[in-house]
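Since every read-out is calculated from the coordinates, none of them should be taken as a lab result. All of these numbers come straight from a predicted model, not from anything done at the bench. Neighbour counts are summed over all protein chains in view; Cβ atoms, including those assigned to glycine, are modelled from backbone coordinates with ideal geometry.
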Amino acid sequence: MKKTSAKNFTWKQYLVVASMIFALFFGAGNLIFPLHLGQLAGRNWMVAAAGFLVTGVLLPLLSLLAVSITHSSGVYGLGRPLGRTWALIFMVVVQLTIGPLFATPRTATVPYTIGIAPLLPAKFQQLGLLLFSLIFFALVFWVSYNQSDILSKLGKVLNPIFLVLLFLIFLVGFLHPMGNPATIKPTTAYLHAGFINGFLEGYNTLDAIAGLVFGIAIVTAIKTMTKNTDQVSSILAKSGLLAMIGIGIIYVCLIVLGAMSLGHLKVSADGGVAFTQIVNYYGGIFGQTVLAVLIILTCLTTSVGLAAAFAEDFHNHFPKLSYHGWLAIACIVSAILANLGLEKIIVWSLPVLMFLYPLTIVLIVLSVCSPLFKRDHVVFKISMILTLIPAIFDLISNLPEPLASTSFVKEVITLRRHILPLANIGLAWLVPALVGILLGIIVHLYRRKKEII
């Protein structure tokens, strides 16, 4: 591709980069969360949507900028100011989260819940999931093992078709609404804390974390298109804004569609069930089948990317096991955990996300602002240590049953509410993080004054 200067970077090139960013962050699996949020928020959907867009749209954009500004090669590079050991631990936790523990199994359970489960009798649901997950991850392993780009090429065709069908669902849904969202009563959690709960629901997209892992691919692509590498962050910001506006519009439409669906449906167990019911309502079995096939293929493409990224990163840091060995582990573990089902995967991922997202948010903010304090490791370490403590409390406090009923967890929850501000709304980490950033900057200024740095 011909290189141009930043000043001559054309709108066509901005759109090319924007489409790459859009494809990176918008996966079929993410459809289910804004849809379910709309059902939970009811008439308070607008406030909830604002919170969701912060973690589902703004933070992912900032994660890309963090990679660009710090010239990092990935999660490990971004965490290097914390020290080699902590950077490695953070990389492992991040890769396990978007890899075989949660995100990758979800790429199988979402299409199964939407496309296969509704066609099977209840007694064959578990067997169906077992067979589907085995076939699904066997294909993932085969494509990733051979490092074939067939799914990548297929994705360039399937994703636009999928978006067209999604647009048709929006068109029909808004022309023939199932209900009036303004009259839908919100669930208890969204009566008075819609923004905060929408913010926390955005954790489920995992996009801010994914941006740290895959951001380097976008940065590298931009560098091949421009002569002036100093303008990469500017180009990334403009292209990212275009992409995020598109994703934001889709998320808002899904949230409204979810709220309207309660005119005919009940609040579903998860967004996968809600999506199936809505598509079946408007498109019947035929529409549901066509969309299900597309979702299976697009999720397969996503799964290949996640499994390959996990195997490559782990092989780079733990080279005793080959890329193919790590790939096999990723696919086997993902296939096993996929059989827990979508609802259980979401429930068990919650405590991990409540632990990991505060650390990720602080790391992103510090990285974006790092030129202001010369990426001083002291600022990073103080901020992250003070964020880590409440994050551990959040992890324990959000453990599901049967662990939630243990005396230890109950005592931790009580202690957390007593000693950590904003713990009752799920933001126990916020005040300690702000204090940590402030202390870190004060120490940095002192060190600069004493010419230690």
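If you take the beta carbon distance between T414 and K266 as r and set R0 to 25 Å, what does 1/(1 + (r/R0)^6) give as a FRET efficiency, to the nearest 0.05? The formula returns an efficiency of 0.15 here. Based on DSSP H segments of at least four residues, each scored -39500 (n - 2.57), the chain has a per-residue ellipticity at 222 nm of -24000 deg cm²/dmol. Here the residues R448, R375, ranked from fewest to most Cβ neighbours within 10 Å of their Cβ, fall in the order R448, R375. Computed from point charges on the beta carbon alone (+1 for Lys and Arg, -1 for Asp and Glu), the dipole magnitude for the chain about its Cα centre is near 1100 Debye. Taking Lys and Arg as +1 and Asp and Glu as -1, the other residues whose beta-carbon sits under 11 Å from that of L262 total +3.
The length gained on full extension between Q231 and K374, counted as 0.36 nm times the residue separation minus their Cα-Cα distance, comes to 49.6 nm. Computed over every Cα-Cα pair of the chain and binned at 20 Å starting from 0, the pair-distance distribution P(r) comes out as 24, 59, 17, 0 percent. Measuring spread by the Cα atoms of the stretch 138-244 yields a radius of gyration and Dmax of 20.0, 55 Å.
Here's the picture: charge each Lys and Arg Cβ at +1 and each Asp and Glu Cβ at -1 in the chain, and of Q39, S72, F286 the one pushed furthest to the positive end of that dipole is S72.
If you average 1/r over all unlike Cα pairs in the stretch 90-135 and invert the result, what Kirkwood radius do you get in angstrom? Please report the intermediate quantities before stating the final value.
Details: mean 1/r = 0.0864 Å⁻¹.
After inverting the pairwise mean of 1/r, the radius is 11.6 Å.
Could you grab the relative contact order for the chain? Cα pairs under 8 Å, six or more apart, rounded to a whole percent.
On the way: 669 pairs, mean separation 134.5, N = 453.
Taking the mean separation of contacting Cα pairs over the length of the chain, I get 30 percent.
Normalised by residue number, the volume inside the convex hull of the Cα atoms of the stretch 344-453 is 96 Å³ per residue. When only the Cβ of Lys, Arg, Asp and Glu is charged (+1, +1, -1, -1), the dipole of the stretch 344-453 relative to its Cα centre reaches about 420 debye.
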